[in-house]
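Before any comments, here is the structure.
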Amino acid sequence: MADSPDYLRPYIKAVGEHGGTFDATLWQSKEGQILRFKTFCEFVDFNSTSILDVGCGIGDFAEYLLEHKVRFSSFHGIDAMEAMVTTANKRKLKRSTFSAVDIVHSNDALTGYDWITFSGTLNAMNETTALQLIDTAFNVCRKGVAFNFLSNKSGRDPKNEDLQPASRFDTVAMLDFALSMTPCVDFTQSYLNGHDATIILKKCAELPQ
């Protein structure tokens with residue numbers, strides 16, 4: 001593990017302790033995960049689209065979409081942890097496939113999808129790496145990118161919380177970065193009382209002249 005990238009070490013440790021299970025995703029609660037998925041779907045119509053879910057864990061976003069009757073055309077989840085991908089594939093979710101990829105070192109895996117999603121995936125990365133990844137994803141996607149992160153405008157005192165291995169990102173800087181790529185941006189951080197923020201970057205449709 002000493003030779004592994006910093007952002008993967010917490011997950012390697014978690015998989016070692018819990019195997020390819022929900023606990024190894026490092027989500028604090030199933031309820032919080034579902035709220036993040038629900039927020040994506042409030043801003044994005046995933047019907048009839050191809051989706052790449054980066055940091056898919058055990059395939060919970062695919063399961064959420066299927067349970068809520070979202071008729072995506074295809075779903076592919078990637079995760080750096082082989083054990084998580086093995087579990088995801090064993091679930092045999094409809095129209096869904098999963099493979100082991102460390103996206104930071106395999107950006108080519110982003111190409112060929114309508115929507116690219118990152119839910120919780122950026123939390124253990126530094127902000128610079130996260131922004132580079134979002135930039136690459138938006139450049140190669142066909143419709144847009146949806147991602148969430150821990151907001152530094154949460155109203156919480158950082159001295160009184162321990163988020164390890166996650167960290168809070170500069171929310172204003174993240175939003176400004178998103179707007180530098182496209183004016184078609186959605187933003188919210190109300191779904192978890194300011195703790196978490198979601199940004200949706202969309203490829204703008206041409207307006208009539």
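Rolling a 1.4 angstrom probe over the protein heavy atoms with all chains in place gives the range 65-158 an accessible area of 46 Å² per residue.
Rounded to two decimals, what ratio of Rg to Rh does the range 67-132 give with C-alpha atoms and a Kirkwood Rh?
Values: Rg = 13.0 Å, Rh = 13.3 Å.
Ratio value, two decimals: 0.97.
Add +1 for every Lys or Arg and -1 for every Asp or Glu among the other residues with Cβ under 9 Å from the Cβ of Asn152, and state the total. Net of charged neighbours comes to +1.
From the largest down, the range 114-156 spans 37, 17, 14 angstrom on the principal axes of its Cα atoms. Taking the 1.4 Å solvent-accessible surface of the range 123-168 as the whole, the part contributed by carbon and sulfur is 42%.
Within the set of other residues whose C-beta is less than 13 Å from the C-beta of Phe177, count the net charge using Lys and Arg as +1 and Asp and Glu as -1. Provide the component values of the computation, followed by the final result.
On the way: positive: none; negative: Glu127, Asp135, Asp170, Asp176.
Once all neighbours under 13 Å are counted, the net charge is -4.
Could you give the length gained on full extension between Asp162 and Phe187, defined as 0.36 nm per residue of separation minus the Cα-Cα distance, in nm? Write out the running numbers ahead of the final one.
On the way: separation 25, 0.36 × 25 = 9.00 nm, distance 2.52 nm.
In short, 6.5 nm is gained.
How do Thr117, Thr87 stack up against each other in accessible area, from largest to smallest, with a 1.4 angstrom probe?
On the way: Thr117 0, Thr87 40 Å².
Largest accessible area first, the list is Thr87, Thr117.
For the cross-link pairs Lys69/Lys90; Lys38/Lys203; Lys90/Lys143; Lys30/Lys69, which exceed 24 Å when the distance is taken from alpha carbon to alpha carbon?
Working: Lys69/Lys90 21 Å; Lys38/Lys203 21 Å; Lys90/Lys143 29 Å; Lys30/Lys69 20 Å.
With Cα atoms farther than 24 Å apart: Lys90/Lys143.
Extension gain, Lys30 to His105: 0.36 nm times the residue separation minus the Cα-Cα distance gives 24.1 nm. What residues from the range 60-85 fall in the zone where the backbone N is under 16 Å from a label point 7 Å along the Cα-to-C-beta line of Ser48? Those under the cut-off are 70-74. A 1.4 Å probe over all protein chains sorts Leu110, Leu66 by accessible area into Leu66, Leu110, starting with the largest.
The values are calculated or read from the model by the stated rules, or taken from the named source; none is laboratory data. For clarity, every value in this text was computed on a predicted model and none was experimentally measured. Neighbour counts are summed over all protein chains in view; Cβ atoms, including those assigned to glycine, are modelled from backbone coordinates with ideal geometry. These accessible areas exclude ligands, DNA and RNA; they are computed on the full protein's heavy atoms, side chains included. Shrake-Rupley method; radii C 1.70, N 1.55, O 1.52, S 1.80 Å.
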